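Working notes for the structure below.
The values are calculated or read from the model by the stated rules, or taken from the named source; none is laboratory data. Quick caveat: nothing in here was measured; it's all calculated off a predicted structure. Ideal geometry is used to build each Cβ from the backbone, glycine not excepted, and the neighbour counts take in all protein chains shown.
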Amino acid sequence: MEMEEERLRRALREASSALIRSIEELSFVRLVGDALAGEIESAAVARALVGLLRDELEMEFAALWTVDEVAGGLRAAAYARAGDVAPACPSPDAPLMPFTSGPVGAAVSGTPVRLLEATGEPALPPEAAGVGSLLCFPVVARGRTVAVIGLGAARPGGVDAEHERLVALVAPVVALALESAALVQRLASENRTLRAELSDRYAPCGMVGTSPACRQLLATVARLAEVDVTVLVLGASGTGKEMVARALHQGGRRRNAPFVAVNCAALPETLLESELFGIERGVATGVERRAGVIERAGGGTLLLDEIGDMSPVVQAKLLRVLQE
């Protein structure tokens, strides 16, 4: 009976210890996730990560090396030594570390490398010089290594299996943060490119014309683009009314907001009204809320083409909107 009670007590202690360890691990993963969640630049992700790893795990050294597949090497994104006020970010012009170089390069294969005695290791990166032991852990995203996390202790054997297990838990979080930052940067670059193309295409200076009438139009567009006013653009079909509207949009303060164009003559009255003002949920069975173009163009520019073909009822409602 006493043996059975002792066995139960031991099992309970082990279960309690495992639960406490799991809670601590989850807390650590959440801490890392919270630190990286608000960062939209890869360099900021690296700085936040290495500073947190150094402080929370009480390491002499922490680093993040990112994989540059185009250049064919590893780049130190950020590193932190004990006593540093803030993590350091090497110059982008610093030499790349070859994939075949030392423990960091070896980790690119996808297998962690833990050096219990790193003091005499000849192939340590310069930022890790002087550490007694070193862990290099691969950060894998979509089946490929995108970075390597480094942890270094001052004494040999100071980086152990427990450190490796904790880094393994946060590596997927780091991978997601790096991928998200790369996506944001790529979208921002594409956005800038597209805006430049639109600016070249629709800017007033891109509108060809040398006659006095064209020069007067260009001057008017440039002047109106700087102020917030409702503009009436007159002209027969095919004379470039939408081009003028886009030039007004791209040349003014609203260029970063939406440009929405609606052909009022192409829609029947009931459909045009819902297209302009939207639909509220529940007005009919199965109808969900849908924003109108006036709401979708909020802060930007709304072009109502062929506005003269609107019914008097819709015109009156639109006038009320413009007045308010």
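Within the range 54-84, the residues that satisfy the criterion of being under 20 Å from Ser180 (Cα atoms) and either in contact with a Leu (Cβ under 7 Å, 6 or more places away or on another chain) or part of a strand (DSSP E or B) (or both) are Ala63, Leu64, Trp65, Thr66, Val67, Asp68, Leu74, Arg75, Ala76, Ala77, Ala78.
So is Thr270 part of a helix (DSSP H, G or I) and at pLDDT below 85 or not? Taking the combined requirement at face value, the residue satisfies it. Any chance the range 85-98 includes a residue that's more than 20 Å from Ala175 (Cα to Cα), of a type outside the set (Asp, Glu), touching a Leu at 6+ places or on another chain (Cβ under 6 Å) and part of a loop (DSSP other than H, G, I, E, B)? For the range 85-98, residues more than 20 Å from Ala175 (Cα to Cα), of a type outside the set (Asp, Glu), touching a Leu at 6+ places or on another chain (Cβ under 6 Å) and part of a loop (DSSP other than H, G, I, E, B): absent. Residues in the range 63-108 that are charged (D, E, K, R) and surrounded by 12 or more Cβ atoms within 10 Å (Cβ to Cβ): Asp68, Arg75, Arg81, Asp84.
A single entry from Val167, Val113 fulfils the requirement of being surrounded by 18 or more Cβ atoms within 10 Å (Cβ to Cβ), in contact (Cβ under 8 Å) with a residue 40 or more places away in the chain and not charged (D, E, K, R): Val167.
The residue list Leu217, Leu234 contains one member that is over 31 Å from the mean Cα position of the chain (by Cα), surrounded by 10 or more Cβ atoms within 10 Å (Cβ to Cβ) and at pLDDT 80 or above, which is Leu217.
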